[in-house]
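Please read the structure below before turning to the comments.
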């Protein structure tokens, strides 16, 4: 059952369809769960890859995330959106995995600017119509941003990605991370400053 | 408003989280300060770049993998027969190992208790003590330390029978006497000892026994002194007359 093969309609992607989808999953509907995975796996993979810095680890973690979603969906109360609830699972699992690495003194997480050709081939092109020069320039900028992102702490990185990439509000991030809104704003401000300093130190000239 | 204060509020200004008055002050400063305006544009460009990072292509296999995992876990009772832990797969092993360990320990303890090392070699003091005894005791087979008749030591044979002691002939009666006669290496009698019986035997009887002559006893062909024991009954003497 490959969820990637599922063609999701716009109605299925709408937030209004979420309660019905969750209810179907709770009843053990495998097709409904496959649709749920198809809806969120891109977000889970992207966020986990940026947080962990390793595409293969992120793929493995995504499987664990959806396994946890399947098992604990009965406890999902619906007070927040399903997407926010999944964000929380992803961030917690990434944090746990990083701690596991630290305990085992893993030399260093693989930085994204050293990402392999195989991983790079999986990156989705933003625009198919761009010229080779533009494409190279974009990839170079992406590498520098990734590298600067890797220089941040896990907590700053998580806040920055949830805000800038996933578009969560400070209140949603506070609910996702289980933090006060003020703490989230403070981390966001420091994370943005840290990213900027990292880009300047890595780039020479501004992108 | 200073440049430092404005730059400190870039993050909130981007999120439109500043109150209107403060937001208007920041905007006015950015319009009048080219350096802060340049930094503001760079700040936004960096974050827009982050937001525009390419996503990660999903393989579409995650749901299938999750279902595989769930399916495998659902078949756990069957799979556990193969993949269950060693102890669980052999429930009788541990209970049977416990008495086996006790039996083994008992056997080893018994073996260690009975295991006595080889007899120690004679020490210098033991050898010296044996030599000292050799010095005190006379050599075996001599008159002062006679041997006893055995399978290797032949019994002395009498050469000539002496006449019966006159005392016994003169005073016939009942009673017996137990004697030890030491036959010397030359066949003579070196000693006669009365060991039991009638102790009133006169000296003449002992002297008569001393005069007996024997073919000496031999040990490996060599003549040795031998002790022989005799029981003499007066009734026998009386009967011979």
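Just so you know, all these numbers are worked out from the coordinates, no wet-lab data involved. Owing to the predicted nature of the structure, the values given are computational and were not obtained by experimental measurement. Cβ sites come from the backbone with ideal geometry, for glycine too, and all protein chains shown count toward neighbours.
General remarks:
- Extension gain, residue B:101-residue B:152: 0.36 nm per intervening residue step, less the Cα-Cα distance, totals 12.7 nm.
- Residues of the stretch A:170-197 falling in the label zone of residue B:8, defined by backbone nitrogen less than 15 Å from a point 7 Å along Cα to beta-carbon, are A:186, A:189-190.
- Distance between the 7 Å Cα→Cβ label points at residue B:229 and residue A:139: 12.1 nm.
- Given their separation in residues at 0.36 nm each and the Cα-Cα distance between them, residue A:56 and residue A:197 gain 47.9 nm when the chain is fully extended.
- Within 10 Å of each Cβ in B:3-12, the average number of Cβ atoms from other chains: 2
- The alpha carbon convex hull volume per residue for the stretch B:3-49 rounds to 60 Å³.
- Note on residue A:84 and residue B:213: their simple-model spin labels are 14.3 nm apart, each label 7 Å out from Cα toward Cβ.
- Highest mean packing first, where packing is the average number of other Cβ atoms within 10 Å per residue, the peptides B:95-105, A:133-143, A:156-166, A:86-96 line up as A:156-166, A:86-96, A:133-143, B:95-105.
- Take each residue of peptide B:65-74, count the partner chain Cβ atoms within 10 Å of its Cβ, and average: the result is 5.
- Cα convex hull of the stretch A:8-110, projected area averaged across orientations, nm²: 6.8 nm²
- Summary of packing: across the peptides A:168-174, A:72-78, A:146-152, A:19-25, the per-residue average of other C-beta atoms within 10 Å ranks them, highest first, as A:146-152, A:168-174, A:19-25, A:72-78.
- FRET E, pair residue A:104, residue B:116, Förster distance 51 Å, beta-carbon r, rounded to 0.05: 0.35
- Taking the fewest neighbouring Cβ atoms within 10 Å as the starting point, the ordered list for A:101, B:40 is A:101, B:40.
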